[in-house]
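The values are calculated or read from the model by the stated rules, or taken from the named source; none is laboratory data. Keep in mind that this is a model prediction, so the values were computed, not measured. Ligands, DNA and RNA are excluded from the accessible area calculation, which covers all protein heavy atoms including side chains. Shrake-Rupley method; radii C 1.70, N 1.55, O 1.52, S 1.80 Å.
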Amino acid sequence: MIWKRWLTAVLGVPALLILCWLGPKVFALTITLVAVVGLGELLAAYRKAGFGPSVLVAVSGLLGPMLPLLFPHGVRASAISLSGLASVALALFLSGLIHEVTVAHRDQKVTTGANVGLGMLCGGYIALFGGISMLRVPRNLDAVLPVANADAGFFLVLLVLCCVWATDTAAYYVGNSVGSVKLAPALSPHKTVEGAVGGFAAAVILGAILGHLLLGRALLGWGIGAAAGIAGQLGDLFESALKRELGIKDFGSIVPGHGGILDRFDSLLFTAPAVWILVLALG
């Protein structure tokens, strides 16, 4: 199993970085397609468990990863406004409500609130992919790049991916080597406090080093590493909680050694929005 995880990383990460290098639009389109697969996994898991999330409500979450496509030159220079985007999301939500009421009337089975609520959960979770897309367009990032005339967004994505990878890898090996105190046994019985601390430390150290080398911002790199070490592990635990609730091991099998798209991106889904907010705050 471990060799499959390493093979996926060796092949998948460079492919993602190549698409990232090709520009914000290509990267955002890639992340949107990945999010579509992730949404399909999430809806299928809930349906298999006997629930019926509103698809129309959940689909609104795909607007998140599409943001760089909808606003390639900023909100003011775009043909669509934020109010227009909100109108689309509201239209999907209201359509979902109408559909659920209609189905409840037809089938005489009233689960309208549960279906809409789960649709909002699915949509909100998938909207987090937007944090990944937005990392590629950090408009106010003050950076000293290692390549002349390069795009800061590419190196920011690279830095975040490395910090997330360092967190996951260190947490796994430290936990297996010296871990004894369970972190959250009800959610993930194999995770340990020692592993969590090791993952956090590895992310902070690597973040500071790569922050200096890639962005000329060691302190910002430290903050990004801390975000990955905390938010990334929270994302992992949150997904573990969802899977425990649904009684499944993985959300899919599309990624060898990891399971599904959501199983592979769980840490990054929480880390990317946190880093995006951090960059907005620190510039």
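Residues in segment 37-53 that are among the acidic types (Asp, Glu) and over 22 Å from the mean Cα position of the chain (by Cα): none.
Is it the case, given these coordinates, that Ile209 is under 27 Å from Leu118 (Cα atoms), β-branched (Val, Ile, Thr) and open to solvent by 50 Å² or more (accessible area, probe 1.4 Å)? Give the derivation first.
Working: under 27 Å from Leu118 (Cα atoms): no; β-branched (Val, Ile, Thr): yes; open to solvent by 50 Å² or more (accessible area, probe 1.4 Å): yes.
Answer is no for this residue.
Taken residue by residue, segment 220-228 has no member that is of a type outside the set (Ser, Thr, Tyr), under 14 Å from the mean Cα position of the chain (by Cα) and outside any helix (DSSP H, G or I).
Does Leu268 fit the bill of being modelled with pLDDT of 90 or more and either open to solvent by 30 Å² or more (accessible area, probe 1.4 Å) or over 19 Å from Leu161 (Cα atoms) (or both)?
Values: modelled with pLDDT of 90 or more: yes; either open to solvent by 30 Å² or more (accessible area, probe 1.4 Å) or over 19 Å from Leu161 (Cα atoms) (or both): no.
Criteria not met by Leu268.
The helices (runs of 4 or more DSSP H) falling completely within segment 63-158 that include 1 or more residues that are open to solvent by 70 Å² or more (accessible area, probe 1.4 Å) map to 82-107, 112-127.
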